[in-house]
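First up is the structure itself, then whatever we jot down about it.
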Amino acid sequence: MAAGKARKRARQAAPASDGGDRIGALPDETLHHVLSFLPAQEAVRTCVLARRWLHLWKSATGLRIVGANGEAPVPFEEVREFVDSLLLLRGSSPLETFELRVAGDDIDVRHVRLWVRYAVQCKVQVLRLSFLGNTHVGPVARLGPDDPPLTSRHLTKLELRGLVFNDDFLDFSRCPGLQDLHIQDCSLEHAERISSQSLRHLYIRGAFNQSSRAGILAPNLASLVLEVTFGMTPVIQKMPLLVKIPWAL
């Protein structure tokens, strides 16, 4: 819905038949916001609308690496070179959101981490990563044992889907501003602990280890939704602010 409205606004921003610019009075900051709702491929294409639009896409406040319809995932190998070039040309303009929604049975997670590192360097606040297999059912993006946890002073919301976590990736002590964490259709079988001092809202739907219990340490948590699809229910450590825990085991 948001992507559809953004496309409409971008079309309206094209030069009128009499040579006038229908929204030429709008400040660049407003156009940067509008462009953030478009899939990145379409945002880049707006550079042909008029001279003023040539570089506007580079300062869009959001990047959405998704399918052409704005919702479905895009094949990883199909978009890999495009994203590499996009980030190189875009420079270091600040980002509010970065969304990556890709499909493939052999996703290069190390390469994806370079894109995530770029987003973090641009002070991203909302990070969404979703991985879907073409033929493989279940999580398809496997973190290596040496892949470190995220480090960001600016990240406030993190959404993860289709990942196989290592034992320490879910330690968010280096993300002091993180408040919302959404984990869906992931494997937490190797995760020993989910920890964050700042986290306020946590949603987990995934598989846990079947022989040992992971721990959830988030003393400032106010809401928790936990759906264990496999394995043992994690240990919920003391959370004095927690109001309600919906269970779906």
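The values are calculated or read from the model by the stated rules, or taken from the named source; none is laboratory data. Being a predicted model, the structure only gives us computed values, none of them experimental. Cβ placement follows ideal geometry from the backbone for every residue including glycine, while neighbour counts extend to all protein chains displayed. For accessibility, only protein heavy atoms count, side chains too; no ligands or nucleic acids. Shrake-Rupley method; radii C 1.70, N 1.55, O 1.52, S 1.80 Å.
Worth pointing out:
- Estimated from the Cβ-Cβ distance and a Förster radius of 41 angstrom, the FRET efficiency linking Ala50 and Gln210 is about 0.10.
- Here the average projected area of the convex hull drawn through the C-alpha atoms of the chain stands at 14.4 nm².
- Magnitude of the charge dipole, the chain, Cβ model with Lys/Arg +1 and Asp/Glu -1, debye to 20: 860
- The angle between the Cα long axis of helix 109-121 and the longest principal axis of the Cα atoms of the chain comes to about 70 degrees, rounded to the nearest 10.
- Those residues of segment 75-103 whose amide nitrogen sits under 19 Å from the label point placed on Glu159, 7 Å along Cα→Cβ: 75-76, 95-103
- Residue-span extension gain [Ala72 to Thr151] - 0.36 nm each, minus C-alpha spacing: 25.6 nm
- Probing with 1.4 Å while keeping every protein chain in the model, the per residue accessible area of the chain equals 51 Å².
- Pairs of Lys in the chain closer than 27 Å at Cα, counting only those 8 or more apart or on different chains: 9
- For the chain, the longest principal axis of the Cα atoms and the long axis of helix 76-90 meet at an angle of about 60 degrees.
- Calculated P(r) tail over 20 Å for segment 122-187, as whole % of Cα pairs: 28
- The portion of the accessible surface of segment 106-249 made up by carbon and sulfur, rounded to a whole percent, is 49 (1.4 Å probe; DNA, RNA and ligands excluded).
- Alpha carbon centroid spacing (whole Å) that separates segment 24-45 from segment 133-211: 31
- Kirkwood-based Rg to Rh ratio, segment 106-249, C-alpha trace: 0.94
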